[in-house]
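Okay, so here's the structure we're looking at.
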């Protein structure tokens, strides 16, 4: 536990920087959205503003947390650490620490902006509420703070998946470019393919962008299928890369 | 070496007997056809057509001969020969050229035999006598009736059919040869079985119709199976599918055998070639297009070639448009990242001079990107042809929608290919400049993406995205002046960036190697 806390402390600077950037970006977009969008409910401002930031979320979290792991891997620190703590244990602790940081950063920045957005927005005058058509629409309208709490935590967990994928790529490809941009490029490619195949409900983007599609397309299980598919495909990619690396090592 | 190699591989000893037997069978078949031809009164080119389009002969005699021929050639292949040639390119070149020449001789013989047989007994002519014989219908010459509908001259039809046959059988032979080079003898056996099952399934069951005709190999060398009932636009589609298949197989064969060839291996040769990943990318790319067509998604029918529009902007269209270049640059950047860690040090030392190495590397990168451009354009053309299934109508629709004549629409299509190449070069140069300045691949890649997206703020003067057919058509509608401005802008940007790239000497990725 102590080791985990110590590992988490290493990420304070990138985590703080990322939290600040995300908060600032969402707040700015909230203001922009507030000026030029007709809304039915106060939370809609925040949902709209998050759309822009969500597009770059895989890139942002990987840029903040993956290079650190890449450099300790490249400099051979894992080899020395494994003598003291065991490689497996070290990696698990490190990944857990990264995951905690990611969840915290994403949760804090998104939830803080939700609170700001709800407080700065005046009461909507429109009585008709289109949010009710969505899966969690009722909660979004009636309990925005409570819903925000759960949703931001969930978003943090999804962001953790990106960072873990990036870290695994760093571990096996030994290439900074691939490990940082891999999850982002994957998301873009997957988004493109699912959109063209008329299956956007199963995209990973749909799972963490709130109310992304029209209400008729969205169901509760869509939020899980996207993550599940993502985990399966990324695990497949990692296994292939790992096997390739092992073959190269055997040949050498 | 090359000439003697070709001469030796032209007709190996055992193959000559097989070829003579095949030609004897063909001559007998021509004789039986001649009796019928004299009876019906068809002219000489029609008789040639009837002989060369005999699909029973092509399937049951020629195809089996080709497979036996390939097997005999493969059996007499020695690994040591690769060492003699020093370069795999030369070795494969010799094998492929000799095979092409031998097949050319074989196909020419297939024309000459009926020509000599029918020369004195049938009247010459360029039209179709079969269609001017009143109400009588000869079921034996059904192919001739069908060909008369799409090709006005029987001589031209003979040339087309023979050319199609030649290209089709060359494709099968070269593919089997390369499959052998990649997967060995077992792979060749499996490949042969697959070819036989595939061709006979298509031939016997009649499944080779509509969009599925591209899946069955019998349609690749029997002209009236592949084209009759459709239009001639399928011809380039077949050619490009074959070219892509041969290209991917060739690259894989070179990559697979380069360690065993004994040649002095160039480091940059295989630097950017990841045949499996590249192949997977194109399969996904083509697969999407085909799936869309099967789903009947009208909005995406011309997805690959049409690009995206500023007036009717769609993010998915844009992503589809920039996906291939982002894919290519991803691999280029990935290799640059490897270079930063001096993974190329030994290759660099071998080259001696950094300038020489840089030149070789740049050429390799450009070759990689240019190949991708060619493949994407080919894929675009195939999908456009396959998806619409009637390109004439699509061109007419576009012409009416944008108020341009058909010539201009076709010119815009050709220009879009040219502009796409220029755009890709532009992105590559931008990526390289930013990499040289920052020494960071992530920054350079993100900057290139940013450059693409910033361009959308100023669509009127923005040179990006002009490889999109939509935009060329939109510009074409505005008049020639907008078009000229756009060309000048793009050329100017390329010249400025290219010269900038040339003058940046800063290299952060090499340590300890000087000029």
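The values are calculated or read from the model by the stated rules, or taken from the named source; none is laboratory data. Worth saying up front: this structure is predicted, and the values here are computed from it rather than measured. Every residue, glycine among them, receives a Cβ derived from its backbone with ideal geometry; neighbour counts consider all protein chains shown.
Would you be able to tell me the number of residues in region A:103-121 that are more than 19 Å from residue A:65 (Cβ to Cβ) and part of a helix (DSSP H, G or I)? Qualifying residue count for the region: 10. Of the residues contained in region A:221-233, one or more are found to be under 29 Å from residue B:321 (Cβ atoms) and buried (at least 21 other Cβ atoms within 10 Å of the Cβ). Of all the criteria given as (1) surrounded by fewer than 20 Cβ atoms within 10 Å (Cβ to Cβ); (2) modelled with pLDDT of 85 or more, the one not satisfied by residue B:44 is (1). Among the residues of region B:340-359, the ones that are buried (at least 17 other Cβ atoms within 10 Å of the Cβ) and at pLDDT 70 or above come to 2 in all.
So which helices (runs of 4 or more DSSP H) are wholly in region A:1-72 and hold at least 1 residues that are at pLDDT 80 or above, within 14 Å of chain B (Cβ to nearest Cβ) and out of contact with any strand residue (DSSP E or B) (no Cβ under 6 Å at 6 or more places or on another chain)? So that I can check it myself, show each step before the final result.
On the way: elements: A:2-9, A:12-36, A:43-55.
Output list reads A:43-55.
In the set B:163, B:168, B:202, B:184, only one residue is assigned to a helix (DSSP H, G or I) and at positive phi; that residue is B:184. Only one entry of B:482, B:468, B:383 meets the criterion of being within 14 Å of another protein chain (Cβ to nearest Cβ), over 30 Å from residue B:341 (Cα atoms) and modelled with pLDDT under 70, and that entry is B:383. Looking at region A:155-252, the helices (runs of 4 or more DSSP H) lying wholly inside it that each contain 3 or more residues that are free of Cβ contacts under 8 Å to residues at least 12 places away in the same chain and away from chain B (no Cβ under 14 Å) sit at A:222-251.
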